[in-house]
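Colleague: Have a look at this one before I ask anything.
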Amino acid sequence: MIRLAVLGASGHGKVVADTAECCGWDRVEFFDDAWPGQLRNGAWDVVGDTATLLARAHEFDGVIVAIGNNSVRKTKLDQLKASGAKLISLLHPDATFSRYATIGEGSVVFAGVVVNADANIGEGVILNTGCSVDHDCQMGSYVHVSPGARLAGGVSVQDLSWIGIGASVRQMVRIGARVTIGAGAVVIADVPDTVTVAGVPAKILNRS
């Protein structure tokens, strides 16, 4: 039996667990800091909190973090790395992922995603349902690309940025670090670090 530990018992965690089963993992167990108040996450058991997982990580064939918040996901992945946990990535069988693209550990690629040739995906990235990342895109670590978002060729996205549902980014645009792109935004120019942009075309709303 191949066992996977998932840290983060949320709706996003359910999609991670379902993807894992589609990838052939026999048993998925959740860990969440709401335990023992939370004992189930849909079809799956919640069996401990972060501290429990750090102590038991060696019992599992793989470990992954299922937390949508980029900064929290980074913190948890760093803790698991330090504990020696065997971090894995998940690539849904109904995603199209070029053999010429690369992906870092701790990342998830859900159903309907398309990643084209020479795209590089960093660690701890979420490529959510039905998004697309075209050729030569360079994506940092702990990025979240929401469902239906579109990145044209040669886009770069720096660490800890979030691209909202249905957003579109023009080719060769650079998205800075810790950027938030609003739902449905159309990004046609470079975006500096630590800002929120929204609209068509996207404009800066505020700075962190």
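The values are calculated or read from the model by the stated rules, or taken from the named source; none is laboratory data. Treat the numbers as computed from the prediction; the structure is a model and nothing was measured. Methodologically, a virtual Cβ is constructed for each residue, glycine included, from the backbone with ideal geometry; neighbour enumeration extends over all protein chains shown. When the accessible area is computed, the model is the full protein with side chains, heavy atoms only, and any ligands, DNA or RNA have been set aside. Shrake-Rupley method; radii C 1.70, N 1.55, O 1.52, S 1.80 Å.
Colleague: Quick one: which of 13, 24 is outside any helix (DSSP H, G or I) and either without any contact (Cβ under 8 Å) to a residue 60 or more places away in the chain or open to solvent by 70 Å² or more (accessible area, probe 1.4 Å) (or both)? Show your work before the answer.
Modeller: Values: 13 fails: outside any helix (DSSP H, G or I).
The conditions single out 24.
Colleague: Sticking with this one: Determine which single condition residue 28 fails, assuming it passes every other condition in (1) within 26 Å of residue 163 (Cα to Cα); (2) in contact with a strand residue (DSSP E or B) (Cβ under 8 Å, 6 or more places away or on another chain); (3) of a type in the set (Val, Ile, Thr).
Modeller: Tallying (1) within 26 Å of residue 163 (Cα to Cα); (2) in contact with a strand residue (DSSP E or B) (Cβ under 8 Å, 6 or more places away or on another chain); (3) of a type in the set (Val, Ile, Thr), residue 28 fails exactly one: (1).
Colleague: Of the residues 124, 62, which is touching a helix residue (DSSP H, G or I) at 6+ places or on another chain (Cβ under 7 Å) and under 25 Å from residue 2 (Cα atoms)?
Modeller: It is 124.
Colleague: To continue, here is another question. Return yes when residue 34 is assigned by the TED database to the domain that holds residue 178 and either more than 17 Å from residue 160 (Cα to Cα) or of a type in the set (Ser, Thr, Tyr) (or both) and no when it is not. Steps first, answer last, please.
Modeller: Numbers: assigned by the TED database to the domain that holds residue 178: no; either more than 17 Å from residue 160 (Cα to Cα) or of a type in the set (Ser, Thr, Tyr) (or both): yes.
It is false that residue 34 is assigned by the TED database to the domain that holds residue 178 and either more than 17 Å from residue 160 (Cα to Cα) or of a type in the set (Ser, Thr, Tyr) (or both).
One line per residue, one yes/no per condition, for (1) of a type in the set (D, E, K, R); (2) over 30 Å from residue 150 (Cα atoms); (3) not assigned by the TED database to the domain that holds residue 131:
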site	(1), (2), (3)
53	no, yes, yes
57	no, yes, yes
61	yes, yes, yes
71	no, no, yes
79	no, yes, yes
99	yes, no, no
102	no, no, no
107	no, no, no
112	no, no, no
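Colleague: State which residue is surrounded by the most Cβ atoms within 10 Å (Cβ to Cβ) when the search covers only segment 47-73 and only residues that are in a helix (DSSP H, G or I) and of a type in the set (Val, Ile, Thr).
Modeller: Here is the first cut: in segment 47-73, the ones in a helix (DSSP H, G or I) are 50-59, 70-73.
Subset that is of a type in the set (Val, Ile, Thr): 50, 52, 72.
Details: 50: 18, 52: 16, 72: 13.
Restricting to residues being in a helix (DSSP H, G or I) and of a type in the set (Val, Ile, Thr), the top hit is 50.
Colleague: Next question, about the same structure. For the subset of segment 82-125 comprising residues that are touching a strand residue (DSSP E or B) at 6+ places or on another chain (Cβ under 9 Å), among the aliphatic types (A, V, I, L, M) and open to solvent by 40 Å² or more (accessible area, probe 1.4 Å), which member is nearest to residue 160 (Cα to Cα)?
Modeller: Of everything passing the filter in segment 82-125, 103 is nearest to residue 160 (Cα to Cα).
Colleague: Okay, moving on. Please find, within segment 33-46, the residue that is least open to solvent (accessible area, probe 1.4 Å) out of those that are touching a helix residue (DSSP H, G or I) at 6+ places or on another chain (Cβ under 8 Å) and closer than 28 Å to residue 130 by Cα. Can you show your working first?
Modeller: If we filter segment 33-46 for residues that are touching a helix residue (DSSP H, G or I) at 6+ places or on another chain (Cβ under 8 Å), which is where we start, we get 33, 35, 41-44.
The next check asks that each one be closer than 28 Å to residue 130 by Cα; those that pass are 41-44.
Details: 41: 8, 42: 48, 43: 72, 44: 34 Å².
Looking at residues that are touching a helix residue (DSSP H, G or I) at 6+ places or on another chain (Cβ under 8 Å) and closer than 28 Å to residue 130 by Cα, I get 41.
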